[in-house]
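Below: one structure, written as structure tokens.
No value in this document is a laboratory result; all are computed from the given coordinates. This structure is a prediction, so every number in the text was calculated from the model and none was measured. Cβ placement follows ideal geometry from the backbone for every residue including glycine, while neighbour counts extend to all protein chains displayed.
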Ligand SMILES: C[S@@+](CC[C@H](N)C(=O)[O-])C[C@H]1O[C@@H](n2cnc3c(N)ncnc32)[C@H](O)[C@@H]1O
């Protein structure tokens, strides 16, 4: 059924997210089908992302006004959270309260009075930092311990600009923070037809670190649909992209064709050894994705405290494969779009402890850095995703 308004759409999507769906996917799919003006689409997006990015804080603000929030019908709960989000955003009462009361009347008329009363009584309360940032306590405390502060996580709660990577010269686009990255300020379009690909600059930089020469062979491990492979191929490298997931690779192959780029795709479980080697190897490993909370706002409520350690075990196994596939004298880049200690420095320390034939090389990072050690953690500022990069050189090591 077609939603009648951006508000109704937002409530419907948030209910699906609560049942396990992914906001970005649900929203993209719904908005693609609706003949709404861009303004309405942008409003629905603002509501969904805003409510999810600040969910813990919104519940905290609503708490004094609700006796048993868990007993409310889920739709009404989301109406209250969305109304609270608009209040926090600074929307005036007259424009904010009655549309949500009307929405409540449609779904649960007997609770419309409650919605009206609660939304008019909201007031700011002093909240603990982890609540204000809408982070789960386990992650917030781990970050505070490891980085000495957690204020950087506010960056995850700001709207996300759309960055694109350009594979050929472009004009008229605002440059992003690194070469070949630009800001896309228009609506959705057929990006590959323009020689562009939506990509966060922090993700692009992992590929730039490899710095391949034209014609040089590159192994793109855990390449997925191939965002990093496209860039490397556009720089003239001979790219072989490996991943476990053939569906992602098929999508990558289609995009590569549209972009006019050549990437060889091979499907393999990379916990098993590879049958080829190269001087340049990139492992963009699967991870908990805590650096992508801005575009995947629901993820923070789904992760559990054991996830980083569990992922680090897999990452180390993948790194073993990548290490064996790196030729002597060659370079191995390990990157993850997450900011946990376990999956960054933890993996680096464990790996280097077992592999004296690899030495870490400094990474001149063009972004704000949260912490550097063996590798570098990128701060999620200015629309950047949080990332960890480790650059390794395989040296001639004889025992
Ligand atoms: C961070 S994503 C890669 C994103 C990709 N490099 C890009 O830039 O578009 C991690 C990838 O690891 C793949 N993966 C997970 N476990 C794997 C395994 N055991 N062997 C090979 N690939 C694996 C997933 O299918 C996923 O595509």
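Quick notes on this one:
- Structural descriptor for the chain: relative contact order 13 percent, calculated from alpha carbon pairs under 8 angstrom and at least 6 residues apart.
- Angle in degrees between helix 112-121 and the longest Cα principal axis of the chain, rounded to the nearest 10: 70 degrees
- Mean residue ellipticity (222 nm) of the chain, computed from DSSP H runs ≥ 4 via -39,500 (n - 2.57), nearest 500: -12500 deg cm²/dmol
- Each label point was placed 7 Å from the Cα along the Cα-to-Cβ direction; for residue 117 and residue 272 their separation is 6.4 nm.
- Principal-axis tilt of helix 93-107 within the chain, Cα atoms, nearest 10 degrees: 90 degrees
- Cα-only radius of gyration and Dmax that characterise the stretch 6-127, units Å: 13.8, 42
- Fewest neighbouring Cβ atoms within 10 Å first, the residues 393, 168 line up as 168, 393.
- Dividing the radius of gyration of the alpha carbons in the chain by their Kirkwood radius gives 1.01 for Rg/Rh.
- To the nearest ten degrees, helix 6-18 and the longest principal axis of the Cα atoms of the chain are 60 degrees apart.
- Debye log10 I(q)/I(0) for the stretch 190-394, one point scatterer per Cα, at q = 0.13, 0.18 Å⁻¹: -0.67, -1.36
- Candidates 293, 367, 387: whichever shows maximal mean-square fluctuation once the chain is modelled as a Gaussian network with Cα springs under 10 Å: 367
- Within the stretch 190-394, DSSP assigns beta bridges of which about 45% are antiparallel (rounded to the nearest 5).
- Considering only 166, 92, 30, the Gaussian network model of the chain with Cα springs below 10 Å gives its largest mean-square fluctuation to 92.
- Here the Gaussian network model covers the chain, with springs between Cα atoms less than 10 Å apart; of 194, 314, 34, 34 fluctuates the most.
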